[in-house]
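Here is the structure we will look at.
The values are calculated or read from the model by the stated rules, or taken from the named source; none is laboratory data. No experiment lies behind these values; they were computed from the predicted model shown. So basically every Cβ, Gly included, is an ideal-geometry build from the backbone, and we count neighbours across all protein chains shown. Each accessible area value is taken on the protein alone, full model and side chains, heavy atoms only, with ligands, DNA and RNA left out. Shrake-Rupley method; radii C 1.70, N 1.55, O 1.52, S 1.80 Å.
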Amino acid sequence: KARHERDERHNQIYKLLANIGTQKAHKEFLEDEIEELEAEVKKLIADLDEATKLRDDEHIENKETVETAEEGLEAVTDALKVLKDFYKKAAKGKTFLEVNVTASPIDEDAPELAFGGKNTGNQDRAGGVIGMVEVIKSDFERTIKMTTQEEAEAQADFVQFERTSESDIAGKETKIKLDKQDLKSTKISLKKNR
């Protein structure tokens, strides 16, 4: 009977020691995992903050680019209208500008300067000038279109990144919380088994 009790106690001690060893290993694993997860969460938050700052800067830059291009487009459109009106009127032989300048009445000895006549513009080169302004106009239009499209794509990519990061952070924070609860119960169990 004594041997049987002794053997039974030995078996209980071995089981207890094995259980303590398992719990210590589990405790160390949980501590390491919590530390690793906390570092990952910090990095994810820092990455998300950096991406948010970069996205905000990019958004401001794109907005300024579009506004500048729209202002340029408006100015070029006005200039194009003026040029077309000028060449249209000049082609019909209408007077665009007549100037008659004379010398100052104070200076009696100065020769008389006179500019006058009709300015019909250089009709042969009208197409080149208008064509060049139309190219500039199309450049502004393309800039507006491309920048607007790039802004939309960048915003969509950022939203996807932000959602993924926030989900990953939330998952890791939940895992940390659960690991800390498990670690607390493991420590309590280790104290009881000692």
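Just subtract the alpha-carbon distance of Ala79 and Glu162 from 0.36 nm times their residue separation and send over the number in nm, one decimal.
Numbers: separation 83, 0.36 × 83 = 29.88 nm, distance 4.44 nm.
Value of the extension gain: 25.4 nm.
Calculate one ³J(HN,Hα) per residue across the range 5-20 by plugging θ = phi - 60° into the Karplus curve 6.51 cos²θ - 1.76 cosθ + 1.60, and present them in order as whole Hz with x for glycine and proline.
Whole-Hz 3J(HN,Hα) from phi for the range 5-20: 5, 4, 4, 5, 5, 4, 4, 5, 5, 4, 5, 5, 5, 5, 5, 4.
Sort Ile20, Ile188 from largest to smallest accessible area, using a 1.4 Å probe on the heavy atoms of the protein chains. If you can, show how the numbers build up before the last one.
Working: Ile20 25, Ile188 85 Å².
The most accessible residue leads, giving Ile188, Ile20.
Considering only DSSP states other than H, G, I, E and B, which GluC sites (Glu not before Pro) in the range 20-100 qualify as loop sites with at most 13 other Cβ atoms within 10 Å? Walk me through the numbers before you get to the answer.
Working: sites: Glu28, Glu31, Glu33, Glu35, Glu36, Glu38, Glu40, Glu50, Glu58, Glu61, Glu64, Glu67, Glu70, Glu71, Glu74, Glu98; in loops: Glu98.
Taking the range 20-100 and a limit of 13 other Cβ atoms within 10 Å, the loop GluC sites (Glu not before Pro) found are Glu98.
Karplus couplings for the range 155-172 from phi (6.51 cos²θ - 1.76 cosθ + 1.60, θ = phi - 60°), rounded to Hz, Gly and Pro as x?
Each residue's phi maps through the Karplus curve to give 5, 5, 5, 5, 4, 4, 4, 4, 5, 4, 5, 5, 5, 5, 4, 4, x, 5 Hz.
Pairs to check: Lys24/Lys172; Lys42/Lys191; Lys92/Lys137; Lys15/Lys187; Lys53/Lys180. Give those whose C-alpha atoms are more than 21 Å from each other in this structure. Before the final figure, lay out the partial values.
Working: Lys24/Lys172 23 Å; Lys42/Lys191 32 Å; Lys92/Lys137 26 Å; Lys15/Lys187 18 Å; Lys53/Lys180 33 Å.
Pairs exceeding the cut-off: Lys24/Lys172; Lys42/Lys191; Lys92/Lys137; Lys53/Lys180.
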